[in-house]
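Colleague: If you scroll down you'll find the structure; I have some questions about it.
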Amino acid sequence: MRAAHYVPTAFTHFGGCAVDGVAQLVGGKAPSVEDLMLRLARARGIEEIMAVVRTGARHLVGADGITFIIRDGDLCYYADEDAISPLWKGQRFPAESCISGWAMRHREVVVIDDIYADDRIPHAAYRPTFVRSLAMVPVRPEDPVAAIGAYWDRHRSATPEEIDILERVANGAAVAMTNVSLFNALTQSRLEAERAKDAIVFAMGTLAEVRDNETGNHIYRTQHYVRALARAAQAFLPDLTDDLVDILYKSAPLHDVGKIGIPDRILLKPGPLNADERAKMETHAELGRKAIAAAEQHLGSSPFLRVAAEIAHTHHERWDGTGYPRGLKGAEIPLSGRIMAIADVYDALVSKRVYKKPMPHHEAVDHIAGQRGRHFDPQLVDIFLTIAAEFDIIHQRYMDH
């Protein structure tokens, strides 16, 4: 495999940001997965995204080398690395002749315990290096834009735990790259800025749902449920201004963004979760709040981010105080979280999942009515019952196929 010499394209598209010292990124100590995810959420440019991966991922999986490869048309650009000896930093290779290209083209993780026993590996390019085994994980598997490679100087097979960590890092990098790419458009005009914000919110929400075997239609449906319920509630709740209803509608896709930080072995488990797994799953509400708070720290406070954080953090609270993560009760739960709770539960009930059949609309309505004053705000349930037919119309319009 011989390096091809081309002018950068995809790399410069993402923009860049000077990193004020690796030591500041890692705080002088090896980061945890949670630390790394938060740093990715705060990243302002592709250089910083790569620096976070470079300075953290290798330690987390015990690798002898880490590379960050960017998809550049039909080429794979080895943009950054941290390794015990040089690999391919700065070089571009045709996608069809390197394993990172294979992982991105096939949209799947590659684990190879002996590189010289695998025909997909360009052996000549690897002979000058220390690499004997590797794992390659695509970034944004549904439409890969990059890949993260981990390498070892001995024959070994990456463990499920190591792959899980690499996939979580890749998911975090995907969100960060989406942030960088879309927020670069905010200087164009106010209209373009609003469109970019909506796009990034939907992209982040979609990524979380795709990991949970959901579809983008779940986001569309819950958005419209939230707006329908909020508009109906305006006659009874004067705090629900038109501006707030619009913010609720636009921030609703971020309600489960914290699931990006939940391991696949838990998120995609087909059967019931045990107590430890359930506790881990429930941390997604706090992870979502932290991710949005990190964005707020850099972008400044705004009603949109405040409401988005409320929804992500509190839509699993229950009116009777038995919800999570804080066990809030009654009006202690922000109105945004109480509205989202009804929208989210209704959609879960009437939608088909791999582990259950869809519930008929009338049964879902009866279930929500039966949870009046227990799971849900009693006043909001009463309002929901007056417009339940509108929920059914929304579900039919954006039904999964």
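The values are calculated or read from the model by the stated rules, or taken from the named source; none is laboratory data. The structure displayed is predicted, hence computed values, not measured ones. Neighbour counts are summed over all protein chains in view; Cβ atoms, including those assigned to glycine, are modelled from backbone coordinates with ideal geometry.
Colleague: If you go through the range 66-122, how many residues are in contact with a strand residue (DSSP E or B) (Cβ under 8 Å, 6 or more places away or on another chain) and in a helix (DSSP H, G or I)?
Modeller: Qualifying residue count for the region: 8.
Colleague: Condition first: more than 30 Å from the chain's Cα centre (by Cα), within 25 Å of R397 (Cα to Cα) and either assigned by TED's automatic domain parsing to the domain that holds R306 or of a type in the set (S, T, N, Q) (or both). Can you find one or more residues in the range 338-360 that meet it?
Modeller: From the range 338-360, those more than 30 Å from the chain's Cα centre (by Cα) are 360; that's our starting set.
Still in the list and also within 25 Å of R397 (Cα to Cα): 360.
With the extra rule that they be either assigned by TED's automatic domain parsing to the domain that holds R306 or of a type in the set (S, T, N, Q) (or both), the set shrinks to 360.
So far as the range 338-360 goes, yes, one or more of its residues are more than 30 Å from the chain's Cα centre (by Cα), within 25 Å of R397 (Cα to Cα) and either assigned by TED's automatic domain parsing to the domain that holds R306 or of a type in the set (S, T, N, Q) (or both).
Colleague: Consider R132 carefully, then state whether it is touching a strand residue (DSSP E or B) at 6+ places or on another chain (Cβ under 9 Å) and on the phi > 0 side of the Ramachandran plot. Talk me through it step by step, then tell me what you get.
Modeller: On the way: touching a strand residue (DSSP E or B) at 6+ places or on another chain (Cβ under 9 Å): yes; on the phi > 0 side of the Ramachandran plot: no.
No; evaluated as a whole, the condition is false for this residue.
Colleague: A further question on this structure: Within 25 Å of E48 (Cα to Cα) and either surrounded by fewer than 23 Cβ atoms within 10 Å (Cβ to Cβ) or free of Cβ contacts under 8 Å to residues at least 24 places away in the same chain (or both): does that describe R289? Reasoning before the result, please.
Modeller: Numbers: within 25 Å of E48 (Cα to Cα): yes; either surrounded by fewer than 23 Cβ atoms within 10 Å (Cβ to Cβ) or free of Cβ contacts under 8 Å to residues at least 24 places away in the same chain (or both): yes.
Spelling it out, R289 is indeed within 25 Å of E48 (Cα to Cα) and either surrounded by fewer than 23 Cβ atoms within 10 Å (Cβ to Cβ) or free of Cβ contacts under 8 Å to residues at least 24 places away in the same chain (or both).
Colleague: Surrounded by fewer than 14 Cβ atoms within 10 Å (Cβ to Cβ) and out of contact with any Ser or Thr (no Cβ under 6 Å at 6 or more places or on another chain): does that describe A331? Even if it seems obvious, please write down each step before you answer.
Modeller: Numbers: surrounded by fewer than 14 Cβ atoms within 10 Å (Cβ to Cβ): yes; out of contact with any Ser or Thr (no Cβ under 6 Å at 6 or more places or on another chain): yes.
So A331 fits the description; yes.
Colleague: Restricting to the range 123-156, name every residue that is over 27 Å from the mean Cα position of the chain (by Cα) and not in a helix (DSSP H, G or I). Steps first, answer last, please.
Modeller: In the first step, residues of the range 123-156 are kept if they are over 27 Å from the mean Cα position of the chain (by Cα); the result is 123-133, 152-156.
Passing the criteria: R127, P128, T129, F130, V131, R132, S133, W152, D153, R154, H155, R156.
Colleague: How many residues, within the range 102-136, are closer than 20 Å to D82 by Cα and touching a Cys at 6+ places or on another chain (Cβ under 9 Å)?
Modeller: The number of residues fulfilling the criteria is 1.
Colleague: Looking only at the range 367-374, decide whether some residue is assigned to a helix (DSSP H, G or I), more than 24 Å from A312 (Cα to Cα) and in the same structural domain as L267 (by TED's automatic domain parsing). Give the derivation first.
Modeller: Looking only at the range 367-374, we keep the residues that are assigned to a helix (DSSP H, G or I), and these are 367-370.
If we keep only those that are more than 24 Å from A312 (Cα to Cα) as well, we get 370.
Of the ones still in play, those that are also in the same structural domain as L267 (by TED's automatic domain parsing) are 370.
So far as the range 367-374 goes, yes, one or more of its residues are assigned to a helix (DSSP H, G or I), more than 24 Å from A312 (Cα to Cα) and in the same structural domain as L267 (by TED's automatic domain parsing).
Colleague: Does D400 satisfy the condition of being part of a helix (DSSP H, G or I), charged (D, E, K, R) and either at pLDDT below 95 or surrounded by 14 or more Cβ atoms within 10 Å (Cβ to Cβ) (or both)? Break it down stepwise before answering.
Modeller: On the way: part of a helix (DSSP H, G or I): no; charged (D, E, K, R): yes; either at pLDDT below 95 or surrounded by 14 or more Cβ atoms within 10 Å (Cβ to Cβ) (or both): yes.
It is false that D400 is part of a helix (DSSP H, G or I), charged (D, E, K, R) and either at pLDDT below 95 or surrounded by 14 or more Cβ atoms within 10 Å (Cβ to Cβ) (or both).
Colleague: Do we find a residue being farther than 26 Å from R168 by Cα and in contact with a Ser or Thr (Cβ under 8 Å, 6 or more places away or on another chain) anywhere in the range 243-261?
Modeller: Checked the range 243-261: at least one residue is farther than 26 Å from R168 by Cα and in contact with a Ser or Thr (Cβ under 8 Å, 6 or more places away or on another chain).
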